[in-house]
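First the structure, in the form of structure tokens, and then the observations on it.
Derivation of every value follows stated rules applied to the coordinates shown; laboratory data play no part. This structure is a prediction, so every number in the text was calculated from the model and none was measured. Every residue, glycine as well, gets a Cβ built from its backbone with ideal geometry; the counts of neighbours run over all protein chains shown.
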Amino acid sequence: MNNILDRNSHKDEIQEFIELKGESKLNEFVEILKTNNELCSWKYVLDLYRYDKRLLINIFKYLSFFEEFLISQLKLENYKKCKMSMKSIMEEIINNKTIIEYNDFDNIFFKNNYEALNKLRNNVCHNKIIINVTYKNQNINKILEIFKNILPQNYRKGFVSDINKCKKGLNLPDSLVVKII
């Protein structure tokens, strides 16, 4: 909290944030701004938090769809799919050399990148800060590009639009905005 430039003007709001979301989460957002040489005002911290939460919600929506898609491709029974995590579903596909025969699904790309997708899924499901997610030296931009390219073609445009709209109405430094094309 001491690193927020206008902390005295927003003392009550900052305290409420800490009580609801935790001081460590606040400090992570402050550190992200500092690391990127950005102004660390309360407005920037709050907008960065809102942006990250929007990313998380939108990614979750597409991860949920994708999990259903994989289950449908494996043709798993209700009992079996209730007991399988997304990671185990993906590993089932990889280890059993299951070929997903969907129009534009790239089985090789999926096999080469499913671990990045699992890392993204774990961070989303455990409510981690999304803009900080990395996997094997790949930042969140690259991971979301991978996810976009794993999604069936008819979901990619919506995914790109939803992710790119997350910044709408927020005052964010360009260096922290995820851009997918």
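Given the -39500 (n - 2.57) contribution per DSSP H run of 4+ residues, what per-residue ellipticity at 222 nm results for the chain, rounded to the nearest 500 deg cm²/dmol? Numbers along the way, then the final one.
Working: 8 runs with 114 residues, N = 181.
Only helices count here, giving -20500 deg cm²/dmol.
Principal axes first, then extents: for the Cα atoms of segment 1-69, list largest minus smallest coordinate on each axis, whole Å, largest first.
Taking max minus min along each principal axis of the Cα atoms, segment 1-69 gives 49, 27, 17 Å.
Give the peptides 43-52, 171-180 in descending order of average Cβ contacts within 10 Å, highest first. Provide the component values of the computation, followed by the final result.
Details: 43-52: 20.6, 171-180: 14.6.
Descending mean neighbour count gives 43-52, 171-180.
What's the magnitude of the charge dipole for segment 98-181 around its Cα centre, counting Lys and Arg as +1 and Asp and Glu as -1 at the beta-carbon? Answer in Debye, nearest 20. Could you put the intermediate results ahead of the total?
Numbers: 13 positive and 7 negative charges, 63 e Å.
Dipole about the Cα centre, nearest 20: 300 debye.
Using the charge dipole of segment 1-148 (Lys, Arg: +1 at Cβ; Asp, Glu: -1 at Cβ; taken about the Cα centre), state which of 46, 139, 70 has its Cα farthest towards the positive end.
70
How large, in Å, is the chain by the Kirkwood hydrodynamic radius built from its alpha-carbon pairs?
Computed over Cα pairs of the chain, the Kirkwood hydrodynamic radius comes out at 17.9 Å.
In this model, which of 43/136; 97/128; 119/142; 61/167; 136/165; 53/165 are farther than 20 Å apart at the alpha-carbon? Intermediate results must be reported in sequence, preceding the final value.
Values: 43/136 32 Å; 97/128 32 Å; 119/142 13 Å; 61/167 17 Å; 136/165 27 Å; 53/165 13 Å.
Violating the 20 Å Cα-Cα cut-off are 43/136; 97/128; 136/165.
Around residue 127, what is the net charge, scoring Lys/Arg as +1 and Asp/Glu as -1 over all other residues with Cβ under 14 Å from its Cβ? List each step's numbers first, then the result.
Values: positive: 21, 25, 53, 54, 121, 128; negative: 28, 52.
My count for the surroundings of residue 127 gives +4.
Place a label point 7 angstrom from the Cα of residue 136 along the Cα-to-Cβ direction, then list the residues of segment 145-181 whose backbone nitrogen is under 20 Å away.
Hits in segment 145-181 for residue 136 at 20 Å: 145-151.
In debye, nearest 20, what is the charge dipole magnitude of segment 1-82 about its Cα centre with +1 on Lys and Arg Cβ and -1 on Asp and Glu Cβ, if you could check? Provide the component values of the computation, followed by the final result.
Working: 13 positive and 14 negative charges, 72 e Å.
Charge dipole of segment 1-82: 340 debye, to the nearest 20.
Taking the Cα centre of the chain as origin, sum charge times position over the Cβ atoms of Lys and Arg (+1) and Asp and Glu (-1), and report the length of that vector in debye to the nearest 20.
320 debye
Binning every alpha carbon pair distance of segment 115-181 at 10 Å from zero, what are the percents per bin?
Histogram of Cα-Cα distances, whole percents per bin: 19, 53, 27, 1.
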